[in-house]
1. Which one of these does Tyr168 not meet: (1) open to solvent by 10 Å² or more (accessible area, probe 1.4 Å); (2) aromatic (Phe, Trp, Tyr); (3) under 24 Å from Lys206 (Cβ atoms)?
2. Kindly indicate the residue of the stretch 113-134 that is part of a strand (DSSP E or B) and out of contact with any His (no Cβ under 8 Å at 6 or more places or on another chain) and also nearest to the ligand (Cβ to nearest atom) among those meeting that condition.
3. Can you name the residue in the stretch 116-145 that is within 26 Å of Lys201 (Cβ to Cβ) and out of contact with any strand residue (DSSP E or B) (no Cβ under 7 Å at 6 or more places or on another chain) and, of all such residues, is surrounded by the fewest Cβ atoms within 10 Å (Cβ to Cβ)?
4. Can you give me the number of residues within the stretch 50-102 that are part of a helix (DSSP H, G or I), open to solvent by 20 Å² or more (accessible area, probe 1.4 Å) and either among the aromatic types (Phe, Trp, Tyr) or at positive phi (or both)?
5. Give the residue, chosen from Phe183, Phe148, Phe141, Phe193, that is aromatic (Phe, Trp, Tyr) and either near the ligand (Cβ under 9 Å from one of its atoms) or more than 22 Å from Phe229 (Cβ to Cβ) (or both).
6. Just to check your reading of the model, which residue among Ile56, Ile61, Ile24 is away from the ligand (no atom under 15 Å from the Cβ), hydrophobic (A, V, I, L, M, F, W, C) and more than 20 Å from the chain's Cα centre (by Cα)?
Amino acid sequence: MELKRFRNYQELSEFVAGEIADSIKNKPSLVLCLASGDTPKLTVELLVNKINEEKIDRSKITFIGLDEWVGLPPTNSGSCHYFFKNNLIGPLQLMTSQYFLFDALADDLRNECLKMDKFINEKNGIDIMVVGIGMNGHIGFNEPGSSFDNLSHIIDLDEITRSVGQKYFNEKVELSQGITIGFKHLLNAKKVFLMANGSKKAEVIKKTVQGPVTEYFPASIMQQHENGFVLVDDDAASLLSNPD
Ligand code: GLP
């Protein structure tokens with residue numbers, strides 16, 4: 001794992017968007033998995049602009065959504081589905097065969113997990129995974145206590161995730177479960193970027209980078225990834241000892 005520090009959110013986002021764009025140029029059939037949430041918003045915007053402006057071939061890329069709130073329709077503006085449809089899949093005009101997002105309304109959610117695992121395997125794994133970090137150290141919906149061996153799975157959400165998650169919605173919603181790609185896929189991904197910005201993420205970044213590796217603090221898994229990068233702005237790095 002490597003820590004990289006940026007002056008601000010803009011520079012952090014430009015770096016990640018640039019890395020992804022360059023990777024698509026080198027490998028047009030890139031398999032990209034992204035988290036939604038506030039953190040990667042600017043990255044997605046910059047990436048789409050870059051692909052469009054530089055006319056980068058997007059016809060062979062595959063996109064995978066990291067997670068979803070169980071029970072939410074894709075029309076809900078706080079859903080991950082809604083974010084990706086409107087900000088990435090739509091603007092890049094990806095074909096339906098080019099992406100997979102969890103259907104959080106599926107009758108058989110277990111089967112939805114199996115479909116995701118099959119999709120990832122058929123694509124020979126994820127090339128680049130971009131994740132954020134929750135206030136309890138989760139990645140995707142891999143909540144504290146989630147096994148590092150998990151494939152895609154359904155999980156009861158932690159109290160912190162339920163309350164922090166309200167920020168994505170215009171009105172109060174009942175958040176009880178999540179469906180998510182598991183850590184086995186993260187460990188198998190060829191490259192992982194964990195992004196964090198703002199002082200509210202300083203404590204969880206300190207634990208991620210300098211704390212013990214434990215399933216009780218999920219993001220500590222980054223220390224086990226040989227090609228894992230923890231990318232932070234100055235505010236998120238502010239509690240690290242010897243940050244440089
Ligand atoms: C959410 C999502 C994660 C996201 C994380 C951080 O609950 N399940 O995929 O990365 O929490 O979100 P944010 O970037 O809004 O801080």
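1. (3)
2. Kept after step one, since they are part of a strand (DSSP E or B), are these residues of the stretch 113-134: 128-131.
Now narrow it down to the ones that are out of contact with any His (no Cβ under 8 Å at 6 or more places or on another chain): 128, 130-131.
Details: Ile128: 15, Val130: 9, Val131: 6 Å.
The residue in question is Val131.
3. Going through the stretch 116-145, the residues within 26 Å of Lys201 (Cβ to Cβ) turn out to be 126-145.
Filter once more, so that each one left must be out of contact with any strand residue (DSSP E or B) (no Cβ under 7 Å at 6 or more places or on another chain): 134-136, 138, 145.
On the way: Gly134: 25, Met135: 14, Asn136: 18, His138: 27, Gly145: 12.
Checked the stretch 116-145; the qualifying residue surrounded by the fewest Cβ atoms within 10 Å (Cβ to Cβ) is Gly145.
4. To start, the set of residues in the stretch 50-102 that are part of a helix (DSSP H, G or I) comprises 50-53, 80-89, 96-98.
Narrowing further to those that are open to solvent by 20 Å² or more (accessible area, probe 1.4 Å): 50, 52-53, 81-83, 85-87, 96-97.
If we keep only those that are either among the aromatic types (Phe, Trp, Tyr) or at positive phi (or both) too, we end up with 82-83.
Looking only at that region, the number is 2.
5. Values: Phe183 fails: either near the ligand (Cβ under 9 Å from one of its atoms) or more than 22 Å from Phe229 (Cβ to Cβ) (or both); Phe148 fails: either near the ligand (Cβ under 9 Å from one of its atoms) or more than 22 Å from Phe229 (Cβ to Cβ) (or both); Phe193 fails: either near the ligand (Cβ under 9 Å from one of its atoms) or more than 22 Å from Phe229 (Cβ to Cβ) (or both).
Only one candidate passes the filter, namely Phe141.
6. Working: Ile61 fails: more than 20 Å from the chain's Cα centre (by Cα); Ile24 fails: more than 20 Å from the chain's Cα centre (by Cα).
Result: Ile56 is the single residue among Ile56, Ile61, Ile24 that is away from the ligand (no atom under 15 Å from the Cβ), hydrophobic (A, V, I, L, M, F, W, C) and more than 20 Å from the chain's Cα centre (by Cα).
The values are calculated or read from the model by the stated rules, or taken from the named source; none is laboratory data. Note that this is a predicted model, so its numbers are computed, not measured. Note: ideal-geometry Cβ built from the backbone for every residue, glycine included; neighbour counts use all protein chains shown. Areas reflect the complete protein model, heavy atoms only, side chains present, ligands, DNA and RNA absent. Shrake-Rupley method; radii C 1.70, N 1.55, O 1.52, S 1.80 Å.
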